[in-house]
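Reading through the structure tokens given below for one structure.
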There are 2 protein chains.
Amino acid sequence: MRLTTKGRYAVTAVLDLALNSHDKPVNLSDISDRQAISLSYLEQLFSKLRKNNIVKSIRGPGGGYLLNASRDEISVAHIINAVNESIELSRCDGRANCHDGKQCLTHNLWVDLSTRINDFLDNISIGELIKQNEQQANDRLSSITNTITVTTSQ
Amino acid sequence: MRLTTKGRYAVTAVLDLALNSHDKPVNLSDISDRQAISLSYLEQLFSKLRKNNIVKSIRGPGGGYLLNASRDEISVAHIINAVNESIELSRCDGRANCHDGKQCLTHNLWVDLSTRINDFLDNISIGELIKQNEQQANDRLSSITNTITVTTSQ
DNA sequence: TAATAACCAACTAAAATAGTCAAGTAATTA
DNA sequence: TAATTACTTGACTATTTTAGTTGGTTATTA
């Protein structure tokens, strides 16, 4: 599990897609304009997202991309792993490269941690992210409304 | 919060330090040998770790590095943030670069996620990581022992 | 068939990662 | 105090990844 700007671009783009597709395909030019990510870089990212069944494509005029599952079924971990598809070889995989017990030990500790981070991000769906964000926006709004109410009632 | 091989090197090195320092300083050459990380790269990493008060150094013969706090007080997030010390500018910080409401929206969603990841890693101390790993090792050991017991009792 | 938008591949510039080298400084021990 | 050990610092380099560019092709729809 790696967490870099590349993953952030991908998560941002999928969030944009989820927010702007109302059951209609969203084309990459629009995402490119809204999120200020170059079209060709988006093409590279969406090629991987499509191969990993996170989005599906429709060609031709009026075409674009659609989520290939519900918002709640697409996890942040899924998106990030899709675009970072490199073999992510841990330096000591089982037997090779393992000079002594000590190296294996910290290697295992790192793998444990990596698994925990992956599990954590696998439990955050983009639907949940959006829902939580809307909730926070509502909270802020109602706290402003309350303030106004108190002020005017005095 | 970025999660790259650089951070992994740093966490691995601090774990090695925690495991091999029995209240005595550990020198970087030894960590370099055990973890197969180049000495000068370790020097760069530990320079940042020291400036962030994660480790302290003792010079001269028999010198090296010590943890600057207890195992349970040093979090994984702390280590990773120390070595990734770059300004990590988010593209749209508050007002600037924000073309329209949509960009701000996905930006906020990303910031939310980033905060959640940071909180998560801030709650994992290297002491906890090591303890959990020892526990798992014991579990595996006792399950083997149990198997042997069952087998021999038949 | 003309416009649109996905798909593809090779290439390049810039940045980050990983490592090297060399000349220091500080602390300890003999 | 001289020699040793080990950390400190900075400049430099190679490699990899990131991000973007160019120039196409294929499929679809109006």
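Consider the range A:41-54. How many of its residues are open to solvent by 80 Å² or more (accessible area, probe 1.4 Å) and either part of a helix (DSSP H, G or I) or touching a Leu at 6+ places or on another chain (Cβ under 8 Å) (or both)?
Summing the residues that are open to solvent by 80 Å² or more (accessible area, probe 1.4 Å) and either part of a helix (DSSP H, G or I) or touching a Leu at 6+ places or on another chain (Cβ under 8 Å) (or both) in the range A:41-54 gives 4.
More than 15 Å from DNA strand D (Cβ to nearest atom), in contact with a Gly (Cβ under 9 Å, 6 or more places away or on another chain) and open to solvent by 10 Å² or more (accessible area, probe 1.4 Å): is that true of A:Ser57 in this structure? Show your work before the answer.
Working: more than 15 Å from DNA strand D (Cβ to nearest atom): no; in contact with a Gly (Cβ under 9 Å, 6 or more places away or on another chain): yes; open to solvent by 10 Å² or more (accessible area, probe 1.4 Å): yes.
Taking the combined requirement at face value, the residue does not satisfy it.
Hey, can you tell me all the residues within the range B:106-115 that are within 8 Å of another protein chain (Cβ to nearest Cβ) and open to solvent by 60 Å² or more (accessible area, probe 1.4 Å)?
The one that is within 8 Å of another protein chain (Cβ to nearest Cβ) and open to solvent by 60 Å² or more (accessible area, probe 1.4 Å): B:Asn108.
I'm trying to understand the selection: among the residues of the range B:3-49, which are in contact (Cβ under 8 Å) with a residue 40 or more places away in the chain and within 10 Å of DNA strand D (Cβ to nearest atom)?
Across the range B:3-49, the qualifying residues are B:Thr4, B:Pro25, B:Val26.
Out of A:Asn84, A:Asn118, I need the residue that is modelled with pLDDT under 95, open to solvent by less than 40 Å² (accessible area, probe 1.4 Å) and within 30 Å of B:Gly127 (Cβ to Cβ). Which one?
A:Asn84
Whether any residue in the range A:60-76 is part of a helix (DSSP H, G or I), without any contact (Cβ under 8 Å) to a residue 40 or more places away in the chain, open to solvent by less than 40 Å² (accessible area, probe 1.4 Å) and more than 8 Å from DNA strand C (Cβ to nearest atom) is what I want to check.
First, the residues of the range A:60-76 that are part of a helix (DSSP H, G or I): A:71-73, A:76.
Of the ones still in play, those that are also without any contact (Cβ under 8 Å) to a residue 40 or more places away in the chain are none.
Checking the range A:60-76: not a single residue is part of a helix (DSSP H, G or I), without any contact (Cβ under 8 Å) to a residue 40 or more places away in the chain, open to solvent by less than 40 Å² (accessible area, probe 1.4 Å) and more than 8 Å from DNA strand C (Cβ to nearest atom).
Checking the structure you have, find out if any residue of the range B:25-40 is at positive phi and open to solvent by less than 50 Å² (accessible area, probe 1.4 Å). First the steps, then the outcome.
Keep residues of the range B:25-40 that are at positive phi, which gives B:36.
Cutting the leftovers down to open to solvent by less than 50 Å² (accessible area, probe 1.4 Å) gives us B:36.
Among the residues of the range B:25-40, at least one is at positive phi and open to solvent by less than 50 Å² (accessible area, probe 1.4 Å), which makes the answer yes.
The values are calculated or read from the model by the stated rules, or taken from the named source; none is laboratory data. These numbers were taken from a predicted model, which means no experiment stands behind them. We place every Cβ from the backbone using ideal geometry, glycine too, and count neighbours over all the protein chains shown. SASA here: full protein model, heavy atoms, side chains in, ligands and nucleic acids out. Shrake-Rupley method; radii C 1.70, N 1.55, O 1.52, S 1.80 Å.
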